[in-house]
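> Provided herewith is a single structure, encoded as C-alpha cells, for subsequent inquiry.
Quick note: the coordinates plus some simple rules give every number you see, no bench work behind them. Predicted, not measured: the structure shown is a model, and the values here were computed from it. All Cβ positions, even for glycine, are placed from backbone atoms using ideal geometry, and neighbour counts span all protein chains on display.
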Amino acid sequence: MRAFSCRFRFLVLAVFGSACVDLGRPPNLGVLIDAAAGSTEGGLEAAAERSQDLGSGNWCGPTLVVGGADAQSRRWDTFLESRLRSWGCTPTFVSNEAVTDADAAGRSLVVVSESGLSVSLGTKLRNVRVPLIVFETGALMGLGMISGQGKGDVPGTDLLITMPQHPLAGGLAGPVAITSRTGTLSYGIPAPAANVIGVAPDDPTHPVYFGYETGAAMAGLNAPARRVYLGDDAVSFENMPPSGWLLIEAAARWAVSPPP
C-alpha cells in the first residue's frame, strides 16, 4: 500500500484496486475489502465512496437487540451484533418474550431482528421514544408502522433504491443486494408519511425499505422517534453482502441522528 492524496481523510491506495479507503473508520475496512471480490456493484472504489459518505466518528451507543432466544436464532443474530460492535454500538440482547418498554430506557437504538416471534412482541416497544430498526415484518402492525394486512413476501435478493438522495440509501442507487441467500424478501405497506427508500424490483408497490421521521403520522400514532424497516431475514446476517451492511449502517446512522 502507498499513501496518496484524495478527497477523503486518512486514506490509502488499496492493492485491490484504485480506491480510497478511509482509515479513519477502520470498522468498515472489512466491508470494503469484501467488495473487492465483486460482491458490491461498482467494486471497491464505489463501496469506499459510499461508506465515506456516511461520515465518521463515534456515533453509536447502547443498543438493544430483540429477537429469538433459541440457539439457531442467537447464532444468526450474533453476526448482526458483531457488526453493531464494529460501528461502536454496545448491543444487549433481550428476547421477544422477555422484552419490556423499560429495556429501551437509556438506549441509543433498538433493533428488532427477524429471528423472534412477532406474536410474542405484540405492541411492546410501540411507544418508546428511542429509534427503532425493524427487520421482522410481522412486528410492523403492532409497532404502528403499517395498518391491516399490508405485508407479504416477494422472491429475490435485491431491492430497488427509489430515493437515492435520502441518507437511508447510504449513497447507493439502482438495484442493491441485501441478501446473498436465494429466497424471499419481505415488504410492508406504510402510511403515506413514510419515506420509501427501496422496493421490490419487479413491483414498486411492495416497499422493502422505508423510514419514518420523528413525529410523522404512522398507523394509529405519530412516530415517537425515528422508525426504519428493512425486509431482510435473520439468516441473511450470516452471509450478508457488503451492500446489505452498507444499507443497515446507513439505517442505524440515520436512526440515531438528531432530526433536522
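> Pull out the extension gain between Thr90 and Thr182, defined as 0.36 nm times the separation in residues minus the alpha carbon to alpha carbon distance; nm, one decimal.
30.0 nm
> Which of the peptides 117-127, 168-178 is most tightly packed, and how do the rest follow, going by the mean number of other Cβ atoms within 10 Å of each residue? All intermediate terms of the calculation are to be shown ahead of the outcome.
Working: 117-127: 16.9, 168-178: 20.5.
Taking the mean over residues of other Cβ atoms within 10 Å, the ranking is 168-178, 117-127.
> Find how many whole Å separate the alpha carbon centroid of the stretch 65-93 from the alpha carbon centroid of the stretch 162-221.
23 Å
> Would you mind giving the three semi-axes, in whole Å and largest first, of the ellipsoid equivalent to the stretch 97-222 according to its Cα gyration tensor? Present the calculation step by step, with values, prior to reporting the outcome.
On the way: eigenvalues 115, 54, 41 Å².
Largest first, the stretch 97-222 gives 24, 16, 14 Å.
> While we're on this one: Let's test the formula: R0 of 25 Å, r as the Cβ-Cβ distance of Glu97 and Gln149. What FRET efficiency results, to the nearest 0.05?
Working: r = 24 Å, r/R0 = 0.96.
About 0.55, to the nearest 0.05.
> Can you figure out the FRET efficiency of Val119 with Ser257, using R₀ = 41 Å and their beta-carbon distance, to the nearest 0.05? Could you put the intermediate results ahead of the total?
Values: r = 32 Å, r/R0 = 0.78.
E between Val119 and Ser257, to the nearest 0.05, is 0.80.
> Moving on. Give a residue-ordered list of calculated ³J(HN,Hα) values for the stretch 233-239 (Karplus: 6.51 cos²θ - 1.76 cosθ + 1.60, θ = phi - 60°; whole Hz; x for Gly, Pro).
Running phi through 6.51 cos²θ - 1.76 cosθ + 1.60 with θ = phi - 60° gives 8, 5, 4, 5, 4, 5, 10 Hz.
> Got a sec to turn the phi values of the stretch 246-260 into Karplus ³J(HN,Hα) couplings, 6.51 cos²θ - 1.76 cosθ + 1.60 with θ = phi - 60°, whole Hz, x for Gly and Pro?
4, 5, 5, 5, 4, 5, 5, 4, 5, 4, 8, 6, x, x, x
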